[in-house]
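Working notes for the structure below.
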Amino acid sequence: MTKVPEPGSYRHTIRLFLLLGAVLVIALVVRSLLVPDSFGVLGHFRLDAIEEARQSVLRHMEQDVCQDCHDDVVGLHAKDAHAKVSCETCHGPGAFHVAAEGEEGIHLPEGQRPCLVCHELILSRPGDFPQIIPEDHYRFVGVREFTTPCTACHDPHEPLFMDRDLRTARLHPLIHRCRDCHAGRFDETLARPEEHPPIFQCEYCHVQIAADFAQRPHRQVRCTTCHLFFRESDSSGRILRDADPRFCLLCHRDADFRSDEAPPSIEWPDHRDDMAETEGDLQKQCIDCHQDHIHPLKVKTAAVAGSGSEE
Amino acid sequence: MDFVFPNELNVTWTVMIVLYPYITGLVAGAFIVSSLYHVFGRYELKAVARFSLASAFVFLLFAPLPLVIHLGQPQRAFNIMITPNFTSAMAGFGFIYTAYLIVVVLEIWFVMRSSFIERAKGTGLISFFCRAILLFNLYEDEATQRADQKIAKFLAGLGIPMACLLHGYVGFLFGSLKANPWWSTPLMFVIFVFSAIVSGISVLIFHYLLVSRLNGWKIDQPCVRSMARYLWGFMIVAVSLELLELMSIAYKQTEEWEVLGMLIREKLFVSYVVLQYLVFSLVPFILLGINSLFTLRDRLANVMIWIAAMMLLVQVLLMRWNVVVGGQLVSKSMRGFTSYFPGVWEKEGLAVALVIFTLPFGILWLFHKIVPLFPDVEKYQD
Amino acid sequence: MTVEFKNSRRQMLKLLAAGSGLLVFPIGSLVASERKPTADGKYIPYWAYAVDTTRCIGCCACMRACRDENDVPEGVFRTWVERYRVDRDGEVKVDVATGNDHVFEPVEGEVNRAFFVPKLCNHCAKSVCNQVCPVGAAFNTPDGVVLVDQAHCIGCGYCVQACPYGSRFINPDKHVADKCTFCYHRITQGMAPACVLTCPRDARLFGDLNDPKSRLNVLLRQRPYRLLKPEMGTHPECYYLGLDREVV
């Protein structure tokens, strides 16, 4: 087609494009008015948002705050097995309790559940962490009712009545439990196969004690039940030879919740007071008299449980 | 194989987000048809040129609706234009949509100016409405009409890349997410564009044949056959790209294939393998292929084409569903799946989706009452 | 536990007081992911997190503490603990204690290996969530924490889709995006995040990477660690000590 196209008339479009232009300009102006004030200062965001994020309500406090009012409990707690468990792990958030200066309460755990949340045996838990199957544990320590709360024996702030601060306890090479590698149940009847990788067992080093112990009444109790071991690294940990009488009493205190198969139990301190002949006897601990039931010990004083290795 | 991260149990992008790319897809496809006529001189499409432009406009009006319903804070929706973060594909939505809406509105203004003028000469509310749209300038002569045509042609050409961008950015939005193995592919942009065109042409064919039949109008046969041929061509490209993407991940079998293969074989087997491909791709391919390769009688051809168009409408919807929802069914832990099916009456449920999808057709009918959309059956100037 | 924190708390408070003054004024030259102190010499910490998976016992005290501290609604999680069980055939089973009290029940079965893995937002230095937020409601603070501007967020959910770790969610009460904030309101006052505070096993650790003497830095020098999904290129600032190969 060679015909030259005739020109068009665009006058009727002026209003339209003017309107369009006006709308765009107004939109741009409105947009710049609506941009939040602190936007773009540090980056493509509202700087005020950082300050707003800092204004959230605090619900948890920190451990040293609890000490201001509860220093007796905190003192006990800091020396025992739960030293690294913060107060609010079990008691829940404490900010309101602190702000009300104790007028408003804090959560007080009840029953077995709060303890079993950590201490029930679950396969995925690291083997070195103290865990129990509740029925087995109750059977072993001779408690009749499986619903007896843990706190009947264990004070949650002093669960093991450790006789010394863990940080001052003796270092010891790593003690393995079967569960450390085998995330299944510990089966005491299993014989150790010959090709099993070598692991340290107590009797390798402590030959005589182990041989002697095997003939004593406590022979079904594992060494690490009383010689509490806390793993610190991949090769070592701290061992405690807990001589605090209250520790022995965890199994041996007489109570109405004991079962018929319970270990021999006594009243305390009645038992010691009855047996005491001198003033000094009133300071004695279980191990001072009951070495026959355990194994030969070298004790320096009644209050400090053993030092130096035995052979 | 049944683990999902705990925050993945609820699916965040619901059927609303399936509907949004579907509607913008209809827009893009309808606009392409209109531009085929206005820009590329495909004069056999004259019968639907105006109708496709109006369809594009009406669907475009409804496109933001599913998004606004989905937003947690819809009253802040304009934040994407006030403080857009341009590293985000989603930030493009506000500007692309607005610009494209302006282009489509302008093109309608110029293409249908004569019809508006004719309608404006009269009394009544609609006439006043038309006068307002014309900005109260009812003058026209041959020169202005030539100008109108030139500008319309320019806008139609300008609108093609914008339509592709409007729909393609959604594809990029999904395809650029490295965290989601089902979505992450460079092909996503192109797949979305081509399947959008398929859905757009399909809705035009579907609607045109249905409306013509219901009103007893004479169907412009060359137009329908031409659209059917375009549909067949675009459909081949779209499905080929989708299959290419599938073949690529199925062949490479990188780490995510273990869970994606399970997604395809189990969770999405019915909606993806059976429905999207075997039923709603293969059958229209055959129907349209026969029509494109052979010349059948008009009536038979129209029935086959209409069925194929309807099936392709469903195919594209299924494709959107399988992409959007399918991608969220897979856990980012690569270890399991969650599940999702929209409720009927909830805020982002099926009832609302149905309303959003059918309302545009009602608005088109209103549009037709104001300005005739089918020049073949009613007087027109174009 | 907050052993590292208690020692440097006073120093931290002093520095943070100075640092927060800095945040009020424009310091346009500062790039959010920069780890060194700024040119004008004011100290800004760079917060990071470490998880010791060999120590976690799955008590989920952290999950409960986080929920209490941050008002997290039920059904969504700012942090969680995954339990892995690898059986004798090598098949991996994973679960999370999503029930309301967050307690793992013992499960029977023979396993080869089993362990717990705490998870939380990794506060990536090059986070995808920041990149994809359309309105600029996701950002890195100068001290290395990724936050959500909940007053500006439109609740589109793009960041939730973009996070490779599943750390983000739409808060069902507030209808905006939400996630772990490292307890920003606590760490800016020299306290530890609630999860770190209540973990009874030192399985969760928090500290300042800009301080070469911080316990976190010492630990990262001594022990091998892995990051989650490093191939994503997000540079997460959450270091997993002793992470097993099955963890994704």
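Would it be correct to say that residue B:66 is closer than 15 Å to residue B:165 by Cα, away from every other protein chain (no Cβ under 11 Å) and modelled with pLDDT of 95 or more?
Taking the combined requirement at face value, the residue does not satisfy it.
Among (1) more than 14 Å from chain B (Cβ to nearest Cβ); (2) crowded, with 20+ Cβ neighbours inside 10 Å; (3) free of Cβ contacts under 8 Å to residues at least 40 places away in the same chain, there is one condition residue C:226 misses while meeting the rest; what is its number?
In the conditions (1) more than 14 Å from chain B (Cβ to nearest Cβ); (2) crowded, with 20+ Cβ neighbours inside 10 Å; (3) free of Cβ contacts under 8 Å to residues at least 40 places away in the same chain, residue C:226 misses (2) alone.
Which residues, counting only those in the range A:252-267, are surrounded by 12 or more Cβ atoms within 10 Å (Cβ to Cβ) and either among the acidic types (Asp, Glu) or modelled with pLDDT under 85 (or both)? Walk me through it before giving the result.
Keep residues of the range A:252-267 that are surrounded by 12 or more Cβ atoms within 10 Å (Cβ to Cβ), which gives A:252-255, A:257-259, A:262-263, A:265-267.
Within the range A:252-267, A:254, A:267 qualify.
Exactly one condition in (1) closer than 19 Å to residue C:200 by Cα; (2) in contact (Cβ under 8 Å) with a residue 40 or more places away in the chain; (3) within 8 Å of another protein chain (Cβ to nearest Cβ) is not met by residue C:83; state its number.
It fails just one condition, (2).
Counting just the residues of the range B:17-45 that are closer than 20 Å to residue B:327 by Cα and of a type outside the set (Val, Ile, Thr), which one comes out surrounded by the fewest Cβ atoms within 10 Å (Cβ to Cβ)?
Among those that are closer than 20 Å to residue B:327 by Cα and of a type outside the set (Val, Ile, Thr), it is B:20.
Given (1) more than 8 Å from chain B (Cβ to nearest Cβ); (2) outside any loop (DSSP other than H, G, I, E, B); (3) among the charged types (D, E, K, R), identify the lone condition not met by residue C:101.
In the conditions (1) more than 8 Å from chain B (Cβ to nearest Cβ); (2) outside any loop (DSSP other than H, G, I, E, B); (3) among the charged types (D, E, K, R), residue C:101 misses (2) alone.
Which one is farthest from the other protein chains (Cβ to nearest Cβ), of the residues in the range B:7-16 that are surrounded by fewer than 24 Cβ atoms within 10 Å (Cβ to Cβ) and assigned to a loop (DSSP other than H, G, I, E, B)?
Checking each candidate, the answer is B:11.
Would you be able to say whether some residue in the range C:87-97 is within 8 Å of another protein chain (Cβ to nearest Cβ) and assigned to a loop (DSSP other than H, G, I, E, B)?
no
State which residue is nearest to the chain's Cα centre (by Cα) when the search covers only the range C:66-86 and only residues that are within 26 Å of residue A:95 (Cα to Cα) and part of a strand (DSSP E or B).
Restricting to residues being within 26 Å of residue A:95 (Cα to Cα) and part of a strand (DSSP E or B), the top hit is C:79.
Of all residues in the range A:175-208, how many are part of a loop (DSSP other than H, G, I, E, B), in contact with a helix residue (DSSP H, G or I) (Cβ under 9 Å, 6 or more places away or on another chain), surrounded by 10 or more Cβ atoms within 10 Å (Cβ to Cβ) and modelled with pLDDT of 65 or more?
The number of residues fulfilling the criteria is 5.
If a residue must be in a loop (DSSP other than H, G, I, E, B) and either among the polar types (S, T, N, Q) or not assigned by TED's automatic domain parsing to the domain that holds residue A:164 (or both), how many such residues does the range A:233-273 contain?
Within the range A:233-273, the first condition is being in a loop (DSSP other than H, G, I, E, B), and the residues that meet it are A:233-235, A:242-244, A:254-257, A:259-265, A:267-269.
Within this subset, residues satisfying the condition of being either among the polar types (S, T, N, Q) or not assigned by TED's automatic domain parsing to the domain that holds residue A:164 (or both) are A:233, A:235, A:259, A:265.
Matching residues across the range A:233-273 total 4.
Restricting to the range C:50-65, what's the tally of residues that are facing chain A (nearest Cβ under 10 Å) and under 17 Å from residue C:181 (Cα atoms)?
3
Just checking, does the range B:331-339 include any residue being among the charged types (D, E, K, R) and in a loop (DSSP other than H, G, I, E, B)?
Scanning the range B:331-339, I find at least one residue that is among the charged types (D, E, K, R) and in a loop (DSSP other than H, G, I, E, B), so the answer is yes.
Which one of these is within 14 Å of chain C (Cβ to nearest Cβ), within 26 Å of the chain's Cα centre (by Cα) and either small (Gly, Ala, Ser) or under 25 Å from residue B:11 (Cα atoms) (or both): B:152, B:91, B:156, B:99?
B:91
Can you name the residue in the range C:229-241 that is surrounded by fewer than 23 Cβ atoms within 10 Å (Cβ to Cβ) and in a loop (DSSP other than H, G, I, E, B) and is also farthest from the other protein chains (Cβ to nearest Cβ) among such residues?
C:235
Quick grid of which residues meet (1) touching a helix residue (DSSP H, G or I) at 6+ places or on another chain (Cβ under 6 Å); (2) modelled with pLDDT of 95 or more:
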site	(1), (2)
C:86	no, no
C:89	no, no
C:112	no, no
C:118	no, yes
C:137	no, yes
C:147	yes, yes
C:153	no, yes
C:156	no, yes
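Suppose we filter the range C:106-131 for residues that are more than 8 Å from chain A (Cβ to nearest Cβ), surrounded by fewer than 23 Cβ atoms within 10 Å (Cβ to Cβ), assigned to a loop (DSSP other than H, G, I, E, B) and not aliphatic (A, V, I, L, M); how many remain?
2
Inspect all residues belonging to the range B:351-365 and state whether any of them is among the polar types (S, T, N, Q), in a helix (DSSP H, G or I) and modelled with pLDDT of 95 or more.
The answer is no, given that none of the residues of the range B:351-365 is among the polar types (S, T, N, Q), in a helix (DSSP H, G or I) and modelled with pLDDT of 95 or more.
Residue-by-condition table, conditions (1) modelled with pLDDT under 95; (2) small (Gly, Ala, Ser); (3) under 25 Å from residue B:4 (Cα atoms):
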site: C:184; (1), (2), (3): no, no, no
site: C:228; (1), (2), (3): no, no, yes
site: C:239; (1), (2), (3): no, no, yes
site: C:242; (1), (2), (3): yes, yes, yes
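Residues being more than 14 Å from chain B (Cβ to nearest Cβ), surrounded by fewer than 24 Cβ atoms within 10 Å (Cβ to Cβ) and polar (S, T, N, Q): count how many of those fall in the range C:132-180.
Going through the range C:132-180 one residue at a time, the tally reaches 0.
Could you tell me how many of the residues in the range C:181-208 are among the hydrophobic types (A, V, I, L, M, F, W, C), more than 11 Å from the chain's Cα centre (by Cα) and more than 7 Å from every other protein chain (Cβ to nearest Cβ)?
Summing the residues that are among the hydrophobic types (A, V, I, L, M, F, W, C), more than 11 Å from the chain's Cα centre (by Cα) and more than 7 Å from every other protein chain (Cβ to nearest Cβ) in the range C:181-208 gives 4.
Somewhere in the range B:29-49, is a residue free of Cβ contacts under 8 Å to residues at least 24 places away in the same chain and outside any helix (DSSP H, G or I)?
yes
Quick grid of which residues meet (1) within 14 Å of chain C (Cβ to nearest Cβ); (2) of a type in the set (A, V, I, L, M, F, W, C):
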residue: B:292; (1), (2): no, no
residue: B:330; (1), (2): yes, yes
residue: B:352; (1), (2): no, yes
residue: B:371; (1), (2): no, yes
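The values are calculated or read from the model by the stated rules, or taken from the named source; none is laboratory data. Predicted model, so just to flag it, every value in this text is computed and none were measured. Here the Cβ is made from the backbone with ideal geometry for all residues, glycine too, and neighbour counts use every protein chain on show.
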